[in-house]
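The values are calculated or read from the model by the stated rules, or taken from the named source; none is laboratory data. Note that the structure is a prediction, hence the values are computed from the model and not measured. No Cβ is skipped: glycine too gets one built from the backbone with ideal geometry, and neighbour counts run over all protein chains shown. The area values use the complete protein model at the heavy-atom level, side chains included, leaving out ligands, DNA and RNA. Shrake-Rupley method; radii C 1.70, N 1.55, O 1.52, S 1.80 Å.
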Amino acid sequence: MAASLGVVTPELIPFETPLALERGGSLPRYDLMVETYGTLNAKKSNAVLVCHALSGDHHAAGYHESESNKPGWWNHYIGPGKCIDTDRFFVVSLNNLGGCSGSTGPLSTDPETGKAYGPSFPEVTVLDWVHAQARLADHLGVEKFAAIVGGSLGGMQALQWSITYPERVGAAAIIAAAPRLTAQNIAFNEVARQAIMRDPNFFDGNYADHDVIPASGVGLARMVGHITYLSDVSMGEKFGRSLPRADRDAEGVNFAVEQYLRYQGEQFSGRFDANTYILMTRALDYFDPTLNESIPLPQVLSTTACKFLVLSFTTDWRFSPSRSEEIVDALIQAGKPVSYTRLESAHGHDAFLIPDATYERIFKAFMDRVHQDLGGNA
Amino acid sequence: MISHSYQIPDWIAKNSRVLDLGCGDGRLLAQLVETHAIDALGLELDPDKIAACLDLGLSVVQQDLNRGLSNFNDQQFDTVIMTQTLQAIRRPDLALSEMLRVGREAIVTFPNFAYIRNRIQLGLAGHMPVNPQLPNPWYDTPNIHLSTFRDFEELCQTLSIRILDKDTSNLSGKRTWLGTVWPNLFGEVAVYRLTKES
């Protein structure tokens, strides 16, 4: 495939105007950690916003410091000649409010107390993120995004954009998402939250005061989440019933899959803030543009003004194809331009991050057309 | 590759809403967008063909026609098209009813099984026909519900479907003189424009 973006550098952008929040309260000021790739054209019409999922951040593509590091989380899909082609598009990716990768969140200092927010950081929602992203667009001089794309929780942001700012979205790509979570999906999030909250080192979210982190709880939350992001097939293919690897810590571990989950949990608890994890899962749970079915989804989507691409993956059981099809059917009934494919994949929910020829072909065809509709060449 | 029949564009109103069931690579819809400025949606199963439709800037949804059109509203489209697909559907009768539920008019084309070449292969040689019109052997064919002009018209009557126009073309989508005179014997492709009896 095409060339890499090479080394990229994030930028911290301050916003000094208060932001009122959907579930009450406000942030007096905030910073957003942002990466951009490619060049904004003279008409400022070629911007693409990439929205991250639960544990993602602004580092979507390229490498930090050197190419020997791990690339951004969607590096396979963003770059020169790739689906989101940085030779054509100006790509904007940010760490959302409440995150723990540089944007204002529980780890940041509350200007009113001079202390870290910790558990007192206000609840933020997908709608709040979209408002903050709109202010980022204003800051960058982007009146309208050529496209807004995201997978999972990121897809929910793209959907919310099409509803909240229809005039500012040219196209929306909503991948492995849902119009709102099912009870089962919320239940998984609750298990993850409980794992964190029951960790003795959690201290009601004030763990920083005790100079500890609830590493065991966050690790366990990640392990549960991780299982739901994979599929029975992919876990079977990757681990089967094979024994632990000898070159890694195998103490008290009977099977390779256990070792893998523990490793994932440990890695994650070292990099991800517990209060942010709770906040992000709550944002997922509360997302519901139908306002608890008080407005039918086709009606909610009737004011959208963009082209849609919806993609799902056959073995995704956390955000199953039938959930994506709810979005598709509502768009059809609202008479909106929508394209949809249920992609064959063994990789469960994680499939949206993983290279796949058909996925790339369809995603690229859609994005190439977005570019063509801007007046560019195919 | 069978080209769509020449009559179809004449039966489409400018700026109308058109749904194409089994739209393939999107050639017909893209042409109608160009010439008739239609608001187009295609349904297709094959991801490669979906990608080809996206290349043409069309909206296309992956959907198995055997599962019906229950995700569509009544009378959502001016015209619902189905070219050379009816014979491959599990229940052509239900498909036709659904087409005229979601659309005001339907355009349907299918291979005429009573075409003279088929009659010769079946009636004289005693074989299920295999030819450019029906290229697959009987044991491995998507064409599970073959019919003729006469059969189709009987079904329309049963379903209270009114035939607005009826025509025929050859496999290249062109008019043939003999087919026009005697469609059930010399028409390779049956072409119908339908609406629901009011």
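Observations on the model:
- Relative contact order [Cα under 8 Å, 6+ residues apart], segment A:185-282, whole percent: 31 percent
- Using a Gaussian network model of chain A in which every pair of alpha carbons under 10 angstrom is joined by a spring, one finds that among A:D285, A:D85, A:D247 the greatest mean-square fluctuation is at A:D247.
- Local electrostatic count, B:P111, Cβ distance below 15 Å [Lys/Arg +1, Asp/Glu -1]: 0
- Degrees, to the nearest 10: B:92-102 long Cα axis against longest axis of chain B: 30 degrees
- Within straight-line cross-link reach of B:K174, aspartates and glutamates at Cα separation under 19 Å, skipping those fewer than 8 residues along the same chain: B:D10, B:D165, B:E188
- For A:K238, the lysines whose Cα falls under 24 Å of its own Cα, not counting residues fewer than eight places away in the same chain, are A:K70.
- Selection from A:P298, A:G105, A:F15 lying farthest towards where the dipole of the protein assembly as shown points positive, charges on Cβ: A:P298
- Per residue solvent-accessible surface (Å²) - segment A:22-180, probe of 1.4 Å: 31 Å²
- Per residue of A:326-333, other chain Cβ atoms within 10 Å of the residue Cβ number 4 on average.
- Centroid-to-centroid separation of segment A:202-274 and segment B:165-193 [C-alpha atoms, Å]: 67 Å
- Overall form of chain A per C-alpha gyration tensor (a/c, 1.5; a/b vs b/c): rounded
- Point-charge dipole on Cβ atoms (K/R +1, D/E -1) for segment A:11-80, about Cα centre, debye to 20: 280 debye
- For segment A:341-378, accessible area lost to neighbouring protein chains reaches 50 Å² or more, against the chain alone with a 1.4 Å probe, at A:R361, A:R369.
- Site pair B:H127 and A:D232 shows an inter-label distance of 4.6 nm when each label is modelled 7 Å from Cα along Cα→Cβ.
- Neighbouring partner chain Cβ atoms per residue of A:61-70, average, 10 Å criterion: 0
- A:Q267-A:E143 FRET efficiency (beta carbon distance; Förster radius 56 Å; 0.05 resolution): 0.90
- Cα centroid of segment B:37-57 to Cα centroid of segment B:99-122, whole Å: 23 Å
- The fraction of accessible area contributed by carbon and sulfur in segment A:185-282 is 53 percent, rounded to a whole number (1.4 Å probe; ligands and nucleic acids excluded).
- Helix axis angle, B:149-158 relative to chain B longest principal axis, alpha carbon, degrees: 50 degrees
- Build a GNM of chain A with springs between Cα atoms under 10 Å apart, and of A:P166, A:P80, A:P355 the one that fluctuates most is A:P355.
- Of the residues B:N184, A:A334, A:P122, the one whose Cα sits farthest toward the positive end of the charge dipole of the protein assembly as shown, with +1 on the Cβ of Lys and Arg and -1 on the Cβ of Asp and Glu, is B:N184.
- For chain B, a Gaussian network of Cα nodes joined below 10 Å ranks B:E34, B:E44, B:E188 by mean-square fluctuation, and the top entry is B:E34.
- Pairs beyond 24 Å (Cα-Cα), from A:K44/A:K82; A:K336/A:K364; A:K82/A:K336; A:K82/B:K49: A:K82/A:K336
- Segment A:185-282 - charge dipole about Cα centre, Lys and Arg +1 at Cβ, Asp and Glu -1, debye rounded to 20: 300 debye
- Over all other residues within a Cβ to Cβ distance under 10 Å of B:P47, the charged ones net out to -1, with Lys and Arg as +1 and Asp and Glu as -1.
- The residues of chain B expose on average 47 square angstrom of accessible surface per residue, using a 1.4 Å probe on protein heavy atoms.
- Take segment A:185-282 with all the other protein chains still there, run a 1.4 Å probe, and you get 53 Å² of accessible area per residue.
- For the pair A:E258 and B:H36, label points projected 7 Å from Cα toward Cβ lie 6.5 nm apart.
- Buried area at the A:B interface is about 1600 square angstrom, summed over both chains, from accessible surfaces computed with a 1.4 angstrom probe.
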